[in-house]
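The values are calculated or read from the model by the stated rules, or taken from the named source; none is laboratory data. Every value quoted in this text rests on a predicted model; they were computed, and no experiment measured them. Ideal geometry is used to build each Cβ from the backbone, glycine not excepted, and the neighbour counts take in all protein chains shown. Just the protein is used for accessible areas: all its heavy atoms, side chains included, with ligands, DNA and RNA removed. Shrake-Rupley method; radii C 1.70, N 1.55, O 1.52, S 1.80 Å.
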Amino acid sequence: MPTTTQFCTMQMGISPLTGGCDLVIAPSGNGRGRIDIDRTPASSLLIAIGTDRRADPDDVTPDMQTAPTGTAAGLFSRRGWVGDILLPSGQRLGSRVWLYERGKRNEATRTGIAEALTEAVAPIEDYHGIEVSVDVQWNSSHREWLNATVSTLGTAVMTQVQTL
């Protein structure tokens, strides 16, 4: 049986005011606060699915899908985190879900997003010795939206991906 590494990270959360993801600050008195510590996989999953992973050299980026033939990709069209260069053995942080921003409403887009999310959470699975499940379904009320849920150890994180 594989050993499980405990979670202990700075807690991330969704701000109800802005809808953005940020560090959670717990009030400690006198108008001050401390960064909360998260002992669940929620913060790790939020970072994995909420950040853009650099596109592979053979990936077609959304801006190039509609570009005229012969157009070269822009300098920053492959996105990604600059700190990836510091990670060991070519590891990369985040997910390539952003590549499907201009995807069509078809099964290929749904499975591509599921594969991108599985790729994003694989380092968490390996490091912590856990299994993470990925579920991607079309939204019943908004046909252009895909609901993607990543869950493990009783914690689920959801994101929505808009397609064309």
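Numbers for the structure displayed
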item: Criterion violated by Gly74 - all others in (1) more than 20 Å from the chain's Cα centre (by Cα); (2) open to solvent by 50 Å² or more (accessible area, probe 1.4 Å) satisfied; result: (2)
item: Residue, nearest to Leu164 (Cα to Cα), within the range 54-68, restricted to residues that are in contact with a Ser or Thr (Cβ under 6 Å, 6 or more places away or on another chain) and part of a loop (DSSP other than H, G, I, E, B); result: Thr61
item: Hits in the range 149-164 (condition: among the hydrophobic types (A, V, I, L, M, F, W, C) and either over 17 Å from Gly20 (Cα atoms) or modelled with pLDDT of 95 or more (or both)); result: Val150, Leu153, Ala156, Leu164
item: Residues of the range 78-94 satisfying the condition of being touching a strand residue (DSSP E or B) at 6+ places or on another chain (Cβ under 9 Å) and among the charged types (D, E, K, R); result: Arg79
item: In the range 24-51, the residues that are of a type in the set (Ser, Thr, Tyr) and either more than 18 Å from Leu117 (Cβ to Cβ) or over 12 Å from the mean Cα position of the chain (by Cα) (or both); result: Ser28, Thr40
item: Per-region count, the range 93-108, residues within 20 Å of Ser77 (Cβ to Cβ), surrounded by fewer than 20 Cβ atoms within 10 Å (Cβ to Cβ) and either out of contact with any Leu (no Cβ under 8 Å at 6 or more places or on another chain) or not charged (D, E, K, R) (or both); result: 3
item: Filter result (farther than 17 Å from Ser43 by Cα and either free of Cβ contacts under 8 Å to residues at least 12 places away in the same chain or open to solvent by 50 Å² or more (accessible area, probe 1.4 Å) (or both)) within the range 120-138; result: Asp135, Gln137, Trp138
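Results for (1) within 26 Å of Ser133 (Cβ to Cβ); (2) acidic (Asp, Glu); (3) without any contact (Cβ under 8 Å) to a residue 12 or more places away in the chain, shown as yes or no for each residue.
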residue	(1), (2), (3)
Gln65	no, no, no
Gly70	no, no, yes
Ser77	no, no, no
Gly80	yes, no, no
Leu87	yes, no, yes
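Each row is one residue, and each column tells you yes or no for (1) within 20 Å of Met12 (Cα to Cα); (2) modelled with pLDDT of 90 or more.
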| site | (1), (2) |
| --- | --- |
| Ile49 | yes, yes |
| Pro62 | no, no |
| Ala72 | no, no |
| Arg110 | no, yes |
| Glu131 | no, yes |
| Asn147 | no, yes |
